[in-house]
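The values are calculated or read from the model by the stated rules, or taken from the named source; none is laboratory data. This is a predicted model, so every value here is computed, not measured. Cβ placement follows ideal geometry from the backbone for every residue including glycine, while neighbour counts extend to all protein chains displayed. These area figures cover heavy atoms from the full protein model, side chains too; ligands, DNA and RNA do not enter into them. Shrake-Rupley method; radii C 1.70, N 1.55, O 1.52, S 1.80 Å.
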Amino acid sequence: MIEKMDKLEIRSQEYKLSEATRQEIVELVKKYPSSRSAILPALHIVQAQFGFVPVEPMAELAEMLGILKGDVEQVVTFYRMYNQNPVGKFHVKICDSISCYLRGSDELIQHGLQRLGTRLNEVSGDGQVSISKIECLAACGAAPCLQVNDEYMYNVQPEQLDEILDTLKTAKENPYYIP
Amino acid sequence: MAEVEYVNLSINGQAIQGRKGQTIWQAAKDAGIFIPIYCYHPKMPPLGACRICLVEVEKTPKPQAACTTAIAEGMVVRTESIIAEKARGGVMEFLLINHPLDCPICDKGGECDLQNYAVDFGQSTGRFQEEKRHLGKALELGPTIALDRERCIMCQRCVRFGSEIVQDEGLIILERGAESEIGTFPGKPYISQFSGNVTEICPVGALTSRTYRFKARPWELKHTPSVCTHCSVGCNIEVDTRLGREVVRFMSRTNDAVDDGWLCDKGRYGYGFIQSEQRLRTPLIRKGASLVPATWAEAFDFIITRLNEIKGQYGSQAIGGIAGTHSTNEELYLFQKLLRGLVGTNNIDHKHGSFGSVPGAAIPAIHTATIEGLETAKLIVLVGANPSARQPIVELRIKKALKAGAKLAIIGPSIKALDRFAAVRLPVALGQVEAALHASLALLSKNGTAKGLQSEALKNSLNEAYNSYDAGTGLSAEVQTLVGLLEGAERVTFLYDELTPDVKGNQDLVATLARLALATGQLGLPGVGIGRLVEDNNSWGALDMGITPAFGPGYSQTTAGLSYAEMLGANGQTPLKALLVLGANPVSHLQELGLSGDAITNLELLVVQELFMSETAERAHVVLPSASFAEKDGTFTNTEGRVQQIAAAIQPLQGTAPDAAILLELAGRLGADVKTRNSQGLFEEIARTTQLYKGLSFNNLGQEGMLRPLEREAQAENLQIPDWLQNATRPQPEVLIGTANAELEQALEASGKAQS
């Protein structure tokens, strides 16, 4: 419970949708017959601004889409791709769905957290890296797999993860970025 | 009415005819066959989340959820077969995986569907060896509700109560799958005026009332059918008393015609006053500056002696009576009978909204709208009414009607919970509501679509009014939208608040509304037409029983007496020497009526029957402690004119007496030969002597009450259009809709509407 309150404090700080974000959402909504249908891509737009989905912007979005605030929260907490809390500059998302699980993703996650010295979803002290679980990345043939921000890494073994984490700690840009 | 199509099927070998579109569960229920449910609730659409209702359906490869599967011709369903039993048992085992089985310390234990069905369909031992989910107990979701997340089976009834019924922010599901739990939007506690309902629909012990926590076990409770007294809707409640003594909670006693199974929190949690320490527990007689305790005999002797003295000295016209609108019909009937018959005065009134130029005898006939009738209306017009604040359960019924396709128009100030549902809003100040109706009426007349307006004088006055309206502003466009809706709607319900006609500017609101209803063909239609949202649980009863100087019981003719304001000194000093007050607090209204308190200081006898020491009781010569609604029998007449029965749940508190008993004792001492003493007998007398209540009796009121015969038998085609409706309407140049008007502009600004 205490842990939850901390999280809430971060999410509840003063955040506001920027004019650009609002405009992007307004444009997006036009593509749908019913504005509520735009909620998933709209949340991605919100997340692009903050790196996660804070509380106040959820209320703003609800207002824009003409839905209840609670509905937005339900969607945000349902899908793992929406971060409820700030993430590191490099967000390492390790798949824990069935194929990756069978190929040792649980151990991989534990290993990574130990290496990084953080808990799940917690950002390292320098703000560089955080590790989260993610749903199936549709790369089962190369399980276990993970993403660093939007870039895929395949067949990741613990030693490789060490290497990835070490690289990320000092990186300025995403070293795995494929243009 | 479209013809109902029937479908033949068999359940457990029994041939059943169900209506097309029904689910297996509904068809089975109608046939008296039990199928357990958790997530399904008859007032909400099916969901199919919990699977406890699984049944075997022949020719389907696996068991089907009875709550979501529609019946089909020739379907063969089995609820007791091995497949069905295994399916149910399996579901039960899953539901209990994370359940803590802490029934002995659970408020729900004893009336819990999970407990009951686990006994019926579950196994005696569990096979789950792993660690159960552990979460904190009794998380306070808001001021009224506590959540035990371990007990929750994620049926989503509470969540859907918010999204389907209240259609507003409520409880939500956080996270997903095995980690999901009930919660609220971050940082926002669960605050809703309907919150208590989730504890009642929760099929397990997850959501419980904070007020009832650890107060009683269900098997200690005595359930007494009653009616809520906190507003005029008259929701059916069950007064639950522990060991027959302590009132511990109110529960809903579903009456589809009135409350649809819901209670608002004001009603559900408003039981504290019954056994409050503040209740008056002994008669009081004034000795100089203070009220001192006395025996009942002393109090009665004092009252009768003084009353007779005053009558002898000043005549019966120096005596008056003011009743409240919380008393039962029987008490109110007795009160006026005592004053009119025994004392010989017509100075009787209660606080109620004005009817303007509407003749007394026409009052019940024009109010035909019912709560259930809202669901048949195609358009609902709120006329200076705010049911959300004053009759909360009506808000839910309106939302239900809107969901089914009705449209909503709001005339008057903003209503937070309903504004966003409105098809059109005329956000005028409260004092301009009648003007808005008048403008609509004028436009209808101008369009030539007004029905029933026969008199030339009326038509001319409306045309004149129309010409004086400025047609160029934004609000005019809204009047046009409203009139367009009125012209297009087959059935319209107009709901007005009883107090709106008292606001300056609305002096003849009821008559104007009646003309509008007539012009749109809605006057006197059964179920729709005009509805009066009244103040209290028995405001209608007070009118029906003749607690007014203008008419006697059943709106019968009578010689006029002094009105409420007159008795309280509207014309300087009160002309009265003695005033009997039955469960009312007129002193609290003095300011509102623009009166000073001095006017009643020369009363030589002020008798007050009250539960609590009110402002009026403080100034009384005699205070008689009366019993609350939970301590007596009787009937109330709700806002739609439905007569409903209450029964005593507990004995009157020591030292108090029901008002009827007090009045009967007074009547006896005034020389009446009192034969009828119980509520039933009194009600039979009312039904016998009052045309309006003819045919009603305690025996046929039943659990759900009955509309007054007039409303039940309302027939538009038989309606005689009364002459008073054809009178020319009052010209209102000072309150023109759409002209530059500071008050109006403010109202528009306040409602955030641009005047474009």
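Among all the lysines, which ones have a C-alpha under 27 Å from B:Lys400's C-alpha, if same-chain residues fewer than 8 places away are not counted?
A:Lys69, B:Lys20, B:Lys29, B:Lys43, B:Lys188, B:Lys266, B:Lys378, B:Lys416, B:Lys753
Report, to the nearest whole %, how much of the accessible area of region A:90-170 belongs to carbon and sulfur atoms, 1.4 Å probe, protein only.
47 percent
List the GluC sites (Glu not before Pro) within region A:142-174 that DSSP assigns to loop and that have no more than 10 neighbouring Cβ atoms inside 10 Å.
In loop regions of region A:142-174 (DSSP not H, G, I, E or B), the sparsely surrounded GluC sites (Glu not before Pro) are A:Glu173.
Which GluC sites (Glu not before Pro) does region B:23-83 hold that lie in a coil by DSSP with at most 15 other beta carbons within 10 Å? Before the final figure, lay out each step's value.
Details: sites: B:Glu56, B:Glu58, B:Glu73, B:Glu80; in loops: B:Glu58, B:Glu73, B:Glu80.
Here the sparse-neighbourhood loop sites are B:Glu58, B:Glu73, B:Glu80.
Enter the mean number of other protein chain beta carbons within 10 Å of the beta carbon of each residue in B:151-163, as an integer.
That works out to 1 on average.
Return the FRET efficiency for the residue pair A:Asp126, B:Gln129: r is the Cβ-Cβ distance, R0 is 41 Å, and the value is rounded to the nearest 0.05.
Calculated value: 0.40.
For chain B, what does -39500 (n - 2.57) per DSSP helix run (n ≥ 4), summed and divided by total residues, give at 222 nm, in deg cm²/dmol to the nearest 500?
-7500 deg cm²/dmol
What is the Cα radius of gyration of the protein assembly as shown over 2.2 N^0.38 Å, N being its residue count?
Relative to the 2.2 N^0.38 Å estimate, the protein assembly as shown comes out at 1.12.
Taking the C-alpha atoms of region B:1-85, how large are the radius of gyration and the largest Cα-Cα span, Dmax, in Å?
12.2, 42
Which order do B:Trp724, B:Trp219 take when ranked by solvent-accessible area (1.4 Å probe, heavy atoms of all protein chains), largest first?
Highest to lowest solvent-accessible surface, that is B:Trp219, B:Trp724.
Sort A:Cys140, A:Cys95 by heavy-atom solvent-accessible area, probe 1.4 angstrom, most to least.
A:Cys140, A:Cys95
Before we go on, tell me the buried accessible area for the A/B pair, both chains summed, 1.4 Å probe, in Å² to the nearest 100.
Buried area (both sides, nearest 100 Å²): 1500 Å².
Taking H placed 1.01 Å from N in the peptide plane, check which residues at least 5 places from B:Leu207 or on another chain put their amide H under 5 Å from its amide H.
The answer is B:Asp148.
Calculate the all-directions average of the projected area of chain B's alpha-carbon convex hull, and give it in nm². All intermediate terms of the calculation are to be shown ahead of the outcome.
On the way: hull surface 146.6 nm².
Its Cα hull, projected and averaged over all orientations, spans 36.7 nm².
For B:Lys222, tell me the accessible area in Å² from a 1.4 Å probe, rounded to the nearest 10.
90 Å²
Name the residues of region B:167-208 whose accessible area, probed at 1.4 Å, falls by at least 30 Å² once all protein chains are in place instead of their chain on its own?
Those are B:Glu169, B:Ile172, B:Ile173, B:Leu174, B:Glu175, B:Arg176, B:Phe185, B:Pro186, which lose 30 Å² or more relative to the chain on its own.
Using only Cα atoms, locate the centre of region B:565-629 and the centre of region B:262-285, then give the distance between them in Å, rounded to an integer.
So the two Cα centres are separated by 21 Å.
If I histogram all Cα-Cα distances within region A:1-150 using bins 10 Å wide from 0, what percent of pairs lands in each bin?
Per 10 Å bin, starting at zero, the Cα-Cα P(r) for region A:1-150 comes out as 11, 35, 33, 18, 3 percent.
Round to the nearest 0.05 the FRET efficiency obtained for B:Arg19 and B:Ser81 when R0 = 30 Å and r is the Cβ-Cβ distance.
On the way: r = 25 Å, r/R0 = 0.83.
Efficiency, rounded to the nearest 0.05: 0.75.
Report, in whole Å, the centroid distance computed from the Cα atoms of region A:97-141 and region B:375-434.
Distance between centres, Cα-based: 53 Å.
Given points 7 Å out from each Cα along the Cα-Cβ axis, report the B:Gln313 to B:Ser414 separation in nanometres with one decimal.
5.7 nm
Show log10 I(q)/I(0) for region B:533-575 at q = 0.24 Å⁻¹, two decimals, from a solvent-free Debye sum over equal Cα scatterers.
Log10 of I(q)/I(0), two decimals: -0.83.
Which order do B:Tyr314, B:Tyr38 take when ranked by solvent-accessible area (1.4 Å probe, heavy atoms of all protein chains), largest first?
Details: B:Tyr314 90, B:Tyr38 0 Å².
Order by accessible area, largest first: B:Tyr314, B:Tyr38.
Please work out the FRET efficiency for the pair B:Ala289 and B:Ala570, using the Cβ-Cβ distance as r and a Förster radius of 22 Å; give the result to the nearest 0.05.
0.20
According to the square roots a ≥ b ≥ c of the eigenvalues of the Cα gyration tensor, what is the shape class of region B:188-275, taking rounded for a/c under 1.5, prolate for a/b larger than b/c otherwise, and oblate for the remainder?
Details: a/c = 1.44, a/b = 1.07, b/c = 1.35.
The shape class here is rounded.
Mind listing the phi-derived Karplus ³J(HN,Hα) values for region B:174-183, rounded to whole Hz, using 6.51, -1.76 and 1.60 with θ = phi - 60°, and x for any glycine or proline?
Result, ordered by residue: 9, 6, 8, x, 5, 9, 5, 8, 7, x Hz.
Can you pull the one-decimal nm distance between simple spin-label points at A:Thr170 and B:Thr559, each 7 Å off the Cα toward Cβ?
With each label point 7 Å from Cα toward Cβ, the separation is 11.0 nm.
Apply the a/c threshold of 1.5 to the C-alpha gyration tensor of region B:370-440 and tell me whether it is rounded, prolate or oblate.
Details: a/c = 1.85, a/b = 1.52, b/c = 1.22.
Prolate.
Enter the per residue convex hull volume of region B:130-268, computed from alpha-carbon coordinates, in Å³ rounded to the nearest integer.
124 Å³
In terms of modelled amide H atoms, which long-range or inter-chain residues lie less than 5 Å from the amide H of B:Val227?
B:Ile237, B:Ala647
Using C-alpha positions alone, give me the convex hull volume of region A:90-170 per residue in cubic angstrom.
73 Å³
Short version: ³J(HN,Hα) in whole Hz for each residue of region A:139-146, in order, from phi by Karplus 6.51 cos²θ - 1.76 cosθ + 1.60 (θ = phi - 60°), x for Gly and Pro, what are they?
10, 4, x, 10, 6, x, 10, 8
Could you tell me the ratio Rg/Rh of region A:137-179? Both radii from Cα atoms, Rh via Kirkwood.
Rg/Rh: 0.97.
Amide H of B:Val581: which non-local residues (sequence gap of 5 or more, or other chain) have their own amide H closer than 5 Å, using H built in the peptide plane?
Long-range HN contacts for B:Val581: B:Ile322, B:Val607, B:Val608, B:Gln609.
How far apart, in nanometres, would the label points at A:Gln160 and B:Ala423 be if each is projected 7 angstrom from Cα along the Cα-to-Cβ direction?
Once both label points are built, they end up 6.2 nm from each other.
Percent antiparallel among DSSP beta bridges with both residues in region A:90-170, to the nearest 5?
55 percent
For chain B, what is the accessible area per residue in Å², given a 1.4 Å probe and the full set of protein chains?
On a per-residue basis, 40 Å².
Just to confirm a number: summing +1 for Lys and Arg and -1 for Asp and Glu over residues other than B:Thr144 whose beta-carbon lies under 10 angstrom from that of B:Thr144, what do you get?
Cβ neighbours under 10 Å give a net charge of 0.
If I compute solvent accessible area with a 1.4 Å probe over the protein chains, what percent of it on chain B is carbon and sulfur?
Summing carbon and sulfur atoms, their accessible area is 51 percent of the total for chain B.
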